[in-house]
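The values are calculated or read from the model by the stated rules, or taken from the named source; none is laboratory data. Since the structure is predicted, the reported quantities are computational estimates derived from the model, not experimental observations. Reconstructed Cβ throughout: ideal geometry from the backbone, glycine too, with neighbour counts over all protein chains shown.
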Amino acid sequence: MKRRRVIILKRMLIALVFSAVFSKDLKAMDQEEWKSEAEDTVSIELPTIEEPSPFDFILDPQRLITETDGAKYGSSTFETGATLFFENVDGDYDFSSRSDMLTITNKGTVPVEVTVTAWLDQIDNLCIAQNDFFEDEAASIYLALVDSSGYIQPLDEIGRASITEELHAVKGNAYDEYSFGFVGACNPNGNWMDLNVHPKITVIWQVTPVVNEEIVQEKQKEENEEQEEQKEAQEKQQETKEEQEERKETQEDRAEIQKKQEEPVKDERINE
């Protein structure tokens, strides 16, 4: 009997990077809040990553896990027929071909654009498939970004994918959310005998405020009008001050004239 060999690969590390083009000093935390130039509040609630990462995965091209009822993993349940497993906290299985989702929530008063990008490193001779309909014997893997809108974006031939979504501004207590994760599979017909790789997946998300030019122009107009009113008020205040000084000088001049007119009368009385 020919001995069967299966290589179970677990991604060793997920590199998590958060970048925001509108911030000078942002760290990975649950919520970031600041103000834009238009004084609108930008408040984004970001997902947190705990170990093990929801994007760690196991490859099982020969389906030995399901054939042995997951004996290696105790009482854990596995999705039937899957060849790639993410460990799940939510869902019908402990391990399935779909990862748990991470969620970004817009709690600000301006809409924001969210771009999620993912790519695989250290893939060596591992092929990247564009779908899970494997028709050859290549050692290939299918991974795709999926989101809460139902959109699926497979990693391309070089192992990269990106999704962009706009989140609306808060309305009352209603927040717009965007969730994303992965779905995957590997080729059960592939030749995995001599392949031993440890692919690393990197996920980054970028959040950018969406600027409404009409609103910005209107706010700029209001600011200009306010500045003009302040300028006019200052000018009026200066005019009032100058008028008061002129009246004061006029009164002083009159008092001086009256004083001079009274002095001769006093001298005549003294002579008499």
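General observations
- Filter result (basic (Lys, Arg) and closer than 30 Å to ASP40 by Cα) within segment 220-259: LYS221, LYS231
- For segment 104-150, the candidate set comprises residues that are among the acidic types (Asp, Glu) and in a loop (DSSP other than H, G, I, E, B); within that set, the residue that is nearest to LEU195 (Cα to Cα) is ASP124.
- Checking each residue in segment 69-84 for being of a type in the set (D, E, K, R) and touching a helix residue (DSSP H, G or I) at 6+ places or on another chain (Cβ under 9 Å) picks out LYS72, GLU79.
- Of the residues PHE55, PHE86, the single one that is outside any loop (DSSP other than H, G, I, E, B), modelled with pLDDT of 90 or more, surrounded by 18 or more Cβ atoms within 10 Å (Cβ to Cβ) and in contact with a Ser or Thr (Cβ under 6 Å, 6 or more places away or on another chain) is PHE86.
- Criterion applied to ALA174, ALA169 was being in contact with a Ser or Thr (Cβ under 7 Å, 6 or more places away or on another chain) and of a type in the set (Gly, Ala, Ser), and the one residue passing it is ALA169.
- Complete set of residues in segment 134-183 that are of a type in the set (Ser, Thr, Tyr) and under 29 Å from ILE58 (Cβ atoms): SER140, TYR142, SER148, SER149, TYR151, SER162, TYR178, SER179
- Within the option set ILE128, ILE104, being in the same structural domain as VAL207 (by TED's automatic domain parsing), touching a Pro at 6+ places or on another chain (Cβ under 9 Å), within 19 Å of GLY184 (Cβ to Cβ) and crowded, with 16+ Cβ neighbours inside 10 Å holds for one residue only, ILE128.
- Scanning segment 178-210 for residues that are under 17 Å from ASN106 (Cα atoms) and either loosely packed, with under 15 Cβ neighbours inside 10 Å or in contact with a Gly (Cβ under 6 Å, 6 or more places away or on another chain) (or both) yields one hit, VAL210.
- Scanning segment 177-201 for residues that are under 23 Å from ILE49 (Cα atoms) and at pLDDT below 95 gives HIS198, PRO199, LYS200, ILE201.
- Selection count, segment 48-73, where residues are of a type in the set (Phe, Trp, Tyr) and under 23 Å from VAL203 (Cα atoms): 2
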